[in-house]
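The values are calculated or read from the model by the stated rules, or taken from the named source; none is laboratory data. If you're wondering where the values come from, they're calculated on a predicted model, not measured in any experiment. All Cβ positions, glycine included, derive from the backbone under ideal geometry; neighbour counts span all protein chains shown. The area values use the complete protein model at the heavy-atom level, side chains included, leaving out ligands, DNA and RNA. Shrake-Rupley method; radii C 1.70, N 1.55, O 1.52, S 1.80 Å.
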Amino acid sequence: MAVIQGVLKFETAGQGLIDITSEVRVWLAQSRLITGTLTLFCRHTSAGLLICENASPAVQRDILRWLGRLAPQEAQYEHDDEGPDDMPAHIRTMLTGSALTVPFAGNRMLLGTWQGVFRAEHRARSHRREIVLTAIGE
Amino acid sequence: MAVIQGVLKFETAGQGLIDITSEVRVWLAQSRLITGTLTLFCRHTSAGLLICENASPAVQRDILRWLGRLAPQEAQYEHDDEGPDDMPAHIRTMLTGSALTVPFAGNRMLLGTWQGVFRAEHRARSHRREIVLTAIGE
Amino acid sequence: MAVIQGVLKFETAGQGLIDITSEVRVWLAQSRLITGTLTLFCRHTSAGLLICENASPAVQRDILRWLGRLAPQEAQYEHDDEGPDDMPAHIRTMLTGSALTVPFAGNRMLLGTWQGVFRAEHRARSHRREIVLTAIGE
């Protein structure tokens, strides 16, 4: 049994759902652990992580539009010091979640056929984002 | 310390919240691990997992109705190739989540009195679903 | 590798988001584990856990107001035996989540600068709440 930990860093370019499955797969391969669980943790309160359908970009666009209606930028928020996209970003991050846990075996994530690992960026302007990866297993 | 991994398989019969606590309890008992964390991971993008009140079926019906209002089948979605219940299913899966992590001790999940482990099926027609269980502990 | 498990107990005083980062930090320090993952699990179906912005109380108030609009107390629910705040509490718990997983290194949680660990209490009257902490690592 061992713990392997690392960080993926991203420079963002506006709101969106971005597939990071291949970056995570490469990191897990280098960890050399065979069986266990991988935890991804996004160190921010206006960007998150989610498992999403990876085949049709229309699914990702529908999710973004739906989040946009559910936590709209135009609503009245008390907290608006950092611009109109900040408070909706906090709410959308709560909905998508800050962390993911994915099991792995044979040194590969046990994702289903249509599942991808996505980061969800909810701020309009560019940010540097860090995602901590922790694999625990054999 | 050890990792034990397995899969529960289900044939679905329409949308619903289904209590799988006893199946998970049996699996954990067979793992023979005493103390640690159990991760459940649903390998699909239109079905999820959640902790839900286990005493009153009315709670489960209220949750399903509320999800039905929040991500209605009748809304306009760009992605509708697989039928009108597909895109709402992706959104409802994001809300209920794809994974659960439950601590255990004495070879039993540390669920509260009113907590059950439920799978949330969001598609109308029958599907085969796989949930990966990974227990890490002593 | 080792598993360390414990429980934090809270007496609640109405609905709210309450920062418990320092209680969790103290518990993790006493575990003496250096690197791994910490899982927090709330043993209730009307109270949850979330990562939230820790700098501005206005963010927490905006989140509570938004949850109040999304799952309002005034809506028609089938389940209302335990008072009008009970069923909305179950729905809000689903949205905030029952569990959190946070990586740690150097015996400290790898939270981002603006991230705090909050418990989300959704019931009006006082309750005793238990949060199970499980650290797995080296």
Practice task
Report, ordered by the first and then the second residue, all pairs with beta carbons closer than 6 Å, sequence separation of six or more or different chains, a first member in segment A:4-25 that is over 17 Å from A:ALA89 (Cβ atoms), and a second member that is aromatic (Phe, Trp, Tyr) and in a strand (DSSP E or B).
Solution key: A:ASP19/A:PHE118
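So if I check each of C:ALA55, C:ALA29, which one is more than 14 Å from chain B (Cβ to nearest Cβ), open to solvent by 20 Å² or more (accessible area, probe 1.4 Å) and part of a loop (DSSP other than H, G, I, E, B)? Quick ask: steps written out before the conclusion?
Details: C:ALA29 fails: part of a loop (DSSP other than H, G, I, E, B).
Residue meeting the stated conditions: C:ALA55.
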Fill in the blank from the handout: For B:LEU100, the lone unmet condition from (1) within 23 Å of C:PRO88 (Cα to Cα); (2) of a type in the set (A, V, I, L, M, F, W, C); (3) open to solvent by 30 Å² or more (accessible area, probe 1.4 Å) is (3)
Completion exercise
Of the candidates B:LEU38, B:LEU33, B:LEU50, B:LEU8, the one satisfying the condition of being of a type outside the set (Gly, Ala, Ser) and within 29 Å of A:TRP66 (Cα to Cα) is B:LEU50
Handout entry: Scope segment C:32-52; condition part of a loop (DSSP other than H, G, I, E, B) and of a type outside the set (A, V, I, L, M, F, W, C); matching residues
Key = C:ARG32, C:THR35, C:ARG43, C:HIS44, C:THR45, C:SER46
Practice task
Kindly provide the set of residues from segment C:1-27 that are touching a strand residue (DSSP E or B) at 6+ places or on another chain (Cβ under 6 Å) and among the aliphatic types (A, V, I, L, M), ordered by number.
Solution key: C:VAL3, C:ILE4, C:VAL7, C:LEU8, C:LEU17, C:ILE18, C:ILE20, C:VAL24
Exercise for the section: Could you run through segment C:50-104 and say how many residues are more than 18 Å from A:TYR77 (Cβ to Cβ), among the charged types (D, E, K, R) and free of Cβ contacts under 8 Å to residues at least 40 places away in the same chain? Expected result: 5
Handout entry: Scope segment B:110-136; condition in a strand (DSSP E or B) and open to solvent by 10 Å² or more (accessible area, probe 1.4 Å); matching residues
Key = B:ARG119, B:ARG128, B:ARG129, B:GLU130
Exercise for the section: Could you tell me whether segment C:108-116 includes any residue that is in contact with a Pro (Cβ under 7 Å, 6 or more places away or on another chain) and free of Cβ contacts under 8 Å to residues at least 60 places away in the same chain? Expected result: yes
Handout entry: Residue count for segment A:58-97, restricted to those that are among the acidic types (Asp, Glu), open to solvent by less than 10 Å² (accessible area, probe 1.4 Å) and out of contact with any helix residue (DSSP H, G or I) (no Cβ under 7 Å at 6 or more places or on another chain)
Key = 1
Handout entry: Candidate set from segment B:1-26 (those that are among the hydrophobic types (A, V, I, L, M, F, W, C) and farther than 28 Å from C:VAL102 by Cβ); member that is nearest to the other protein chains (Cβ to nearest Cβ)
Key = B:PHE10
Problem - Unmet criterion (only one of (1) part of a loop (DSSP other than H, G, I, E, B); (2) within 14 Å of chain A (Cβ to nearest Cβ); (3) aromatic (Phe, Trp, Tyr)) for C:TYR77 - result: (2)
Problem - Residues (closer than 21 Å to C:LEU38 by Cα and in contact with a Pro (Cβ under 7 Å, 6 or more places away or on another chain)) located in segment A:28-83 - result: A:THR37, A:THR39, A:PHE41
